[in-house]
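Readers should treat all values here as calculations from the given coordinates under stated rules, not as data from a laboratory. Remember, it's a predicted structure, so these values are computed and weren't measured experimentally. Note that each Cβ is placed from the backbone with ideal geometry, even for glycine, and that neighbours are counted across all protein chains shown.
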Amino acid sequence: MSTAFTFAWFMLTAPADATVLPDGDQATGTACSADGDRRARRRKRSAEGAAAPSVGVPGQPGECVDATLQEQLLAKRRFRLTKDRLFVKALRHELTLAGGYYASDLFEGTFTFGGTYTFFMSENFGAELSVGWSRLRPGAIRTLEQANSFRLGLARSDVVRVFGSLQWSPLYGKLRLIAASIWRYDLYLLAGPGVVVDPVSFGMGGNFGVGMRVFLHQAVALRFELRDYLYRQELLSRDFYVNDLAFISGLSILLPVRN
């Protein structure tokens, strides 16, 4: 009786357009309402995504790029680019004092000393003037005199080489030898004509070489070279075309002292 009274009271107080459902139908209606709410939220998110400005890749037409993202992309690109040279050679002068070992074709090997002046027209090209001096060892001369039973009559044993060369530096790089130290260097090729004056020759010649320059400071560098001197010598009334090799290392000063 109590249940019947409650139902009658609900029917009298409910709005006219309200629909009374059994308990099972009420659960079904609640589930359908929840599905509708989820679909409405998805439609709202889709509409917001379509209204938001698109973020594109710099360089593609028709794309709007966020300013912060664009700055980050440009910063990464700048980081990937090659850094500027720490040691600049263009329009600078280089003075070098060097020494090493001189291997002669016809005579014994001996020492060599010399100097080089280089002017760099650009980072890749330079013009140099080199002067080298060495001395023939008496042992080779005595051996020749004893073998031929007469004296060669060499008044002097000095060898002087003066050459002008063009340098080409195709490679500039850096090398890490130990954990806390990075060495920067460049490799170069050189070639040019010159004159060789020694007891058995006086005439034109050519020199060809390869070298490496290791930078210690903006104004200081170490140089290592291998040079081949090609020229003519006359000995015992015979002409010989020789290839003398010089292994040279030296210290360079670049002027002005700053890049």
Along principal axes, largest first, the alpha-carbon spread of the stretch 93-255 in whole Å comes out as 62, 32, 22
With 0.36 nm assigned to each residue of separation and the Cα-Cα distance removed, residue 66 to residue 124 gains 16.7 nm
Under 11 Å by backbone N from the virtual spin label 7 Å along Cα-to-Cβ at residue 166, the residues of the stretch 177-197 are 191-193
So residue 183 and residue 131, fully extended at 0.36 nm per residue minus their Cα-Cα distance, gain in nm 15.9 nm
Two pseudo-spin positions, 7 Å from Cα along C-beta at residue 253 and at residue 232, lie apart in nanometres by 4.1 nm
Given Cβ charges of +1 for Lys and Arg and -1 for Asp and Glu, the option among 168, 231, 187 whose Cα lies farthest towards the positive end of the dipole of the stretch 93-255 is 187
